[in-house]
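What follows is a set of notes on a single structure, which appears directly below.
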Amino acid sequence: MTFVFSADAHVVEPKDIYDKALPPSLKPYGIRSERQGDHICTLAGEKVLHRARIIKKDNPPPANEELKGVKLNKGEDVVRLHAVARGQIDLVGRMEDMALDGIDAEIPFPSTSLWTYGIEHVETELATAQIYNDWNNQHFSGHLDKFVRCGVLPVRDFSNTLAEMKRVAKMGFTAAMLPCVTARGMPKYNDEAWDPVFELAGELGVVMVMHTGTGLETVQPERRAGGAVINYTNQACDAWNAVQYLVAGGVLDRHPRAQVAFIESGASWLAGCVERMDEIYVAHQVYVRPKLSLMPSEIVKRQISVGFQSDRACVLARSVTGVRPLMWGSDYPHAEGTFPRSKEVIARIFDGVEISEKDKADILGGNAARLFRLPRPEFQNAA
């Protein structure tokens, strides 16, 4: 059986995680949720970061055992199947859902704490990251053969970034998040100010994870016709842009041990991105600064990984990108994720594709397990 590692999953933090742990002086600047009319809004201070319309469910969700063989055809089924994912909070239920869905291991990312990069207050951002990281460590540490812990790094003050990276690495974390989009007023990823962060990440072996949507002032900028499709699709462009800045700007070339993973952005865009960068790097060579030690595509193959869910084009384009950057993920337990149909989705992705069993196994689990140093002998020995 092929080992399946989901490079994209989410956990829901306790509702009162920050209300309990943040000092009273910092709570006014922190993340909170409140109902505003027909929406549940997520705020950082007084800034609204996200608005989710409240959807009423007339029918109770089916039990997990009733989901076997269920096919997702209609929009209303999304709500029913999404609601049954007990493992978004309960760890025992999560492992049962993983077994049902054919997932052997995963790296879970936060839910509420994805909005950490909307916090503008430096001290509150640091405290929020530390609270989440401590909770994550406690929640998953008993099952490290199944779960890779990923921390959240503060970025408003790089001294905090470095200190927290060292702290989570000491706890055994092999991954930590940076925003996919840098906030206004912060240095972009082609700025040398980031060099100490990526240098330390390489030294510690901590993968820098950039999850789609992080760092944006809102993930719903388009509220008119087509907004639901436009907004989510555009988040792949954020990953594309970050790759360009990290590669063409020279940060990754200067720090070849640093690894960066883009999550929930799809992966089919990567082939076009690297071909375009290579083309321009040569055609505009007289203007190119800085000069790189390798072609952009080679730096991507060496240091960039990209998580995808339902793409087929990225598998078909692996002759351009190589196989190493590609990592499959279920996006559990989100409505747009593949639970509990992951086996069906995986079968469709590879249906009719000429691919070796080794390459398929790497895409479905081996690449991510090695990148995040999952403590299982078959991957540690091959690293």
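The values are calculated or read from the model by the stated rules, or taken from the named source; none is laboratory data. Please read these numbers as outputs of a predicted model, since none were measured by experiment. Ideal geometry is used to build each Cβ from the backbone, glycine not excepted, and the neighbour counts take in all protein chains shown.
Can you confirm whether Gly185 is in contact with a Cys (Cβ under 9 Å, 6 or more places away or on another chain), over 21 Å from Leu374 (Cα atoms) and of a type in the set (Gly, Ala, Ser)?
So Gly185 fails the test.
Conditions (1) within 21 Å of Val219 (Cα to Cα); (2) part of a strand (DSSP E or B); (3) modelled with pLDDT under 85; (4) of a type in the set (S, T, N, Q), marked per residue:
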| position | (1), (2), (3), (4) |
| --- | --- |
| Lys15 | no, no, no, no |
| Tyr18 | no, no, no, no |
| Ser25 | no, no, no, yes |
| Ala52 | yes, yes, yes, no |
| Lys56 | no, no, yes, no |
| Pro61 | no, no, yes, no |
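Within the range 152-166, no residue that is in contact (Cβ under 8 Å) with a residue 60 or more places away in the chain and over 16 Å from Gly215 (Cβ atoms) sits with its Cβ atom under 9 Å from a residue that is in a helix (DSSP H, G or I) and of a type in the set (A, V, I, L, M, F, W, C) at 6+ positions apart or across chains. Taking the conditions exactly as written (acidic (Asp, Glu) and within 21 Å of His10 (Cβ to Cβ)), does Glu354 satisfy them or not? Taking the combined requirement at face value, the residue does not satisfy it.
Listed here are the residues, each with its yes/no results for (1) at pLDDT below 95; (2) small (Gly, Ala, Ser); (3) surrounded by 15 or more Cβ atoms within 10 Å (Cβ to Cβ); (4) outside any loop (DSSP other than H, G, I, E, B).
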| site | (1), (2), (3), (4) |
| --- | --- |
| Thr161 | no, no, yes, yes |
| Met165 | no, no, yes, yes |
| Ala169 | no, yes, yes, yes |
| Gly172 | no, yes, no, no |
| Pro187 | no, no, no, no |
| Gly202 | no, yes, yes, yes |
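Looking at the range 183-190, can you tell me whether even one residue there is in contact with a helix residue (DSSP H, G or I) (Cβ under 9 Å, 6 or more places away or on another chain), farther than 30 Å from Ile40 by Cα and without any contact (Cβ under 8 Å) to a residue 12 or more places away in the chain? Yes; the residues of the range 183-190 include at least one that is in contact with a helix residue (DSSP H, G or I) (Cβ under 9 Å, 6 or more places away or on another chain), farther than 30 Å from Ile40 by Cα and without any contact (Cβ under 8 Å) to a residue 12 or more places away in the chain. Restricted to the range 1-52, and to residues there that are within 22 Å of the chain's Cα centre (by Cα) and among the charged types (D, E, K, R), the residue that is nearest to Ile89 (Cα to Cα) is Glu13. Residues of the range 28-55 that are in contact (Cβ under 8 Å) with a residue 60 or more places away in the chain, in contact with a helix residue (DSSP H, G or I) (Cβ under 9 Å, 6 or more places away or on another chain) and not aromatic (Phe, Trp, Tyr): Gly30, Ile31, Ser33, Thr42, Ala44, Gly45, Lys47, Leu49, His50. Being of a type outside the set (S, T, N, Q) and buried (at least 23 other Cβ atoms within 10 Å of the Cβ) holds for only one residue in Ile280, Ile304, and it is Ile304. Of the numbered criteria (1) under 19 Å from the mean Cα position of the chain (by Cα); (2) surrounded by fewer than 20 Cβ atoms within 10 Å (Cβ to Cβ), the one Phe198 fails is (2). Checked against (1) touching a residue at least 60 places away in the same chain (Cβ under 8 Å); (2) of a type in the set (Phe, Trp, Tyr); (3) assigned to a helix (DSSP H, G or I), Trp194 passes all but a single condition, namely (1). Looking only at residues of the range 311-356 that are of a type in the set (Ser, Thr, Tyr) and surrounded by fewer than 16 Cβ atoms within 10 Å (Cβ to Cβ), we find that the one that is nearest to Glu264 (Cα to Cα) is Ser319.
Only one of the numbered conditions (1) at positive phi; (2) within 20 Å of the chain's Cα centre (by Cα); (3) without any contact (Cβ under 8 Å) to a residue 60 or more places away in the chain is not met by Gly215, and that is (3).
Beta carbons closer than 7 Å, at least 6 apart along the sequence or on distinct chains, pair a first residue in the range 137-148 that is assigned to a loop (DSSP other than H, G, I, E, B) with a second that is surrounded by 12 or more Cβ atoms within 10 Å (Cβ to Cβ) and among the β-branched types (Val, Ile, Thr) for Val148/Ile107; Val148/Thr174. Kindly evaluate Asp351 against the criterion of being in contact (Cβ under 8 Å) with a residue 40 or more places away in the chain and among the acidic types (Asp, Glu). No, not satisfied. Taken over the range 362-383, residues that are in a helix (DSSP H, G or I) and surrounded by fewer than 17 Cβ atoms within 10 Å (Cβ to Cβ) amount to 3. In the range 122-135, the condition of being over 24 Å from Phe379 (Cα atoms), assigned to a loop (DSSP other than H, G, I, E, B) and either of a type in the set (A, V, I, L, M, F, W, C) or touching a strand residue (DSSP E or B) at 6+ places or on another chain (Cβ under 6 Å) (or both) is met by no residue. Search the range 317-344 for residues being assigned to a loop (DSSP other than H, G, I, E, B) and among the hydroxyl-bearing types (Ser, Thr, Tyr), and hand back the single one that is modelled with the highest pLDDT. Of everything passing the filter in the range 317-344, Ser330 is modelled with the highest pLDDT.
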